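Take a look at the structure set out below.
The values are calculated or read from the model by the stated rules, or taken from the named source; none is laboratory data. Keep in mind the model is a prediction, meaning the values are calculated, not measured. Virtual Cβ from ideal backbone geometry, glycine too; neighbours counted across all protein chains shown. Accessible surface areas use protein heavy atoms only, side chains included; no ligands, DNA or RNA. Shrake-Rupley method; radii C 1.70, N 1.55, O 1.52, S 1.80 Å.
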Amino acid sequence: MIEHALNPAPLQDLKAHLHGELICPDNRRYDASRTVWNGIIEKYPAVIVYCADVADVVHAVQFARDSHLLVAVRGGGHSVSGSSVCDGGMVIDLSRMKGIWIDPEQKTAWAQAGLRLREFVQATQAYGLATTTGTVGGTGLAGLTLGGGLGWLMGKYGLTIDNLLAVDLVTADGQILRVSASEHPDLFWGVRGGGGNFGIVTAFEFQLHPIGPVLAGKVVYPRAKAREVLRFYREYTSTIPDELTVSASLMTTPGGLPAIAINLCYCGPLEEGERLVEPVRTFGLPLVDLIRPRSYLKMLTQANLGAPAGRSYYEKASTLSDLSDEAIDAMVAYGLACSSPWSQVLIQHVHGAATRVGPTETAFALRGESSVICMVAAWDDGEAHRHMAWTRACWRALEPFGSPGVYINFLGNEGEERVRASYGVNYERLVALKNRYDPTNFFALNQNIKPTIQEEEPCLR
C-alpha cells in the first residue's frame, strides 16, 4: 500500500461540500470501493469520491489539484490495465451518475458517465433505438466512447464516437464546458478517441438509430478446423454488407472443448439476414449453431457471462490490415497453446461506416478496413506469470503481420511509443490540445498524451 498523508481539515471541507460520498482507508467499505472489474488490479487510493453530480466532480478536481494528488477517473471500472484506480491518490468515481434522457422524436440520448452499456441500451431499446456500443454489457459507457467504440453496429452506423453529438466536460482547472461541433470544436475533435486526456466527461449526447430484433449469435466449430474456419472467415468478411458485423474467436466452450467460433450481428431485415448468414451455418460441420433473432440488449448482456468481475485479465492487441495465411497459422498455434480455458484470441472485423470517416476527422486514426486482434488471458488460479507469458508470446508471433497502431481501448501500459503509433497522424495535434487544456498532465492515468509545456507544479506521480 502507498500512503499519502492528507490534511484532515481540507478533507473535512471537501466532505462538507459533496452531495455524494467520500471514502477513506479507515472506512469499512474501503476495500469494496477500491476494487475494480479486473481481479489482478490491487491498488490503494488515499481517497475515493463517489460523485452525485457535476458539482461534486468540480470539488474533487479542485481538492486533488490543491493537494497535488494523482487522479484516477472511474466510470465503469472496466479498464483491463487498471487506470481507473490508483495508489496513494484520488479516485473520482462517476458510477452513481446514471441519469439518461431520451428524445424519441429527435432520436437522441443524453447519458451520464456512470452508465454501463447494458443500462444505456436497456433505456434506448425501450424506444426501439440504439447506437453503436461495445460487445460486453458490463463495460462502462464513458471509457468505451472516449477510446473510440468498436461494436456490433459499427458496420452500419460507425464507431460510438461517430454517433457522438456533444459532451459535458470538467477541465483540469475545474471549468465546466459544453463541447460539440460548434462549441469548443477543437476539444470535441479530441474527445472522440483521445480518451480521458483532456478532462472528465460527465455526460454524453448521442445520435440514436431504429434497432429492432437483430439476427445474432455464434456458430462453433472444433479447434482442429481453426485454419479452415479462419480462411473461410477471411473470404466471407470481404463481401458482407454494412448491416452485418462479424468476429471470430479461438476459445474454449463451457463444456471444456477447445473450439473456434464465428460470432455475428445483423441489424437489417431478418429475412435478408437469414440469407446472408446461411454460408456460416453450412460451412463445414459445426458443433453448434446459436444464431437466433434476439434483442440487441440480450446480445450484450449474454456476453457478460464470459467476462465476470473479479477474474484476473491481461490483454495485448494488434491491428492487421490483412489476415494472411501466415498470420492465421500464428493465431491458431497460440490458440492451441492457450494457458487457461477462459483465455481467447478475438478477431474483430472493422468495416463499413466505421472505415468511411477520414483518419484526421476525429482523434481516432485507425480508419482503414482491418482485423483487430485481441489476445486476452483470463484466469482464477493465481499463476499470473504463466498466463501473461502466453499473451505476450502470441502478440510477438503476430507482430510481424501487424501495423504499428492499435485500438486504444485494447492497449495496456505499453509506453509512449505505442500511444504515439496508435494516434498516428493525429498525435501532434493531440499534444497541442493537451498543452492547451491540461498543460500539467493532471489527467495522466490513461493512454497518456504527454504535454510539452508545464505551467504549474505537476501533481505527485
Q: Please state which one of 217, 273 is assigned to a helix (DSSP H, G or I) and closer than 27 Å to residue 130 by Cα.
A: 273
Q: For the range 200-236, enumerate the residues that are under 30 Å from residue 438 (Cα atoms) and either of a type outside the set (D, E, K, R) or over 24 Å from the mean Cα position of the chain (by Cα) (or both).
A: 200, 201, 202, 203, 204, 206, 207
**Q.** Which numbered condition residue 434 fails, given (1) open to solvent by less than 40 Å² (accessible area, probe 1.4 Å); (2) assigned to a loop (DSSP other than H, G, I, E, B)
**A.** (2)
Q.
residue 340 - would you say it is under 30 Å from residue 33 (Cβ atoms) and open to solvent by less than 50 Å² (accessible area, probe 1.4 Å)?
A. yes
Q: Report whether or not residue 386 is over 14 Å from residue 81 (Cβ atoms), open to solvent by 30 Å² or more (accessible area, probe 1.4 Å) and touching a Ser or Thr at 6+ places or on another chain (Cβ under 8 Å).
A: yes
Q. Of the residues in the range 56-87, how many are assigned to a loop (DSSP other than H, G, I, E, B) and either hydrophobic (A, V, I, L, M, F, W, C) or touching a strand residue (DSSP E or B) at 6+ places or on another chain (Cβ under 6 Å) (or both)?
A. 9
Q | Close pairs (7 angstrom Cβ cut-off, 6 or more residues apart or separate chains): in contact (Cβ under 8 Å) with a residue 24 or more places away in the chain and under 29 Å from residue 376 (Cβ atoms) in the range 80-102, of a type in the set (S, T, N, Q) and open to solvent by less than 10 Å² (accessible area, probe 1.4 Å) anywhere | A | 80/38; 82/38; 94/202; 97/202
Q. In the range 148-178, what count of residues is obtained for those that are buried (at least 24 other Cβ atoms within 10 Å of the Cβ), β-branched (Val, Ile, Thr) and either part of a helix (DSSP H, G or I) or in contact with a Leu (Cβ under 7 Å, 6 or more places away or on another chain) (or both)?
A. 2
Q: Would you mind finding the one in 204, 188, 198, 232 that is outside any strand (DSSP E or B), among the aromatic types (Phe, Trp, Tyr) and in contact with a helix residue (DSSP H, G or I) (Cβ under 7 Å, 6 or more places away or on another chain)?
A: 198
Q. For the range 218-228, how many residues are out of contact with any helix residue (DSSP H, G or I) (no Cβ under 9 Å at 6 or more places or on another chain) and open to solvent by less than 10 Å² (accessible area, probe 1.4 Å)?
A. 1
Q | Count of residues meeting criterion [closer than 16 Å to residue 245 by Cα, open to solvent by 10 Å² or more (accessible area, probe 1.4 Å) and touching a Gly at 6+ places or on another chain (Cβ under 7 Å)] in the range 353-366 | A | 2
Q. Of all residues in the range 1-51 being in a helix (DSSP H, G or I) and of a type in the set (A, V, I, L, M), which is farthest from the chain's Cα centre (by Cα)?
A. 9
Q. Out of 145, 135, which single residue is touching a helix residue (DSSP H, G or I) at 6+ places or on another chain (Cβ under 9 Å) and part of a helix (DSSP H, G or I)?
A. 145
Q | Per-region count, the range 280-324, residues hydrophobic (A, V, I, L, M, F, W, C), open to solvent by 20 Å² or more (accessible area, probe 1.4 Å), over 30 Å from residue 421 (Cβ atoms) and not in a helix (DSSP H, G or I) | A | 6
Q.
Of everything in the range 266-299, what is hydroxyl-bearing (Ser, Thr, Tyr) and under 16 Å from residue 220 (Cα atoms)? Give them in sequence order.
A. 282
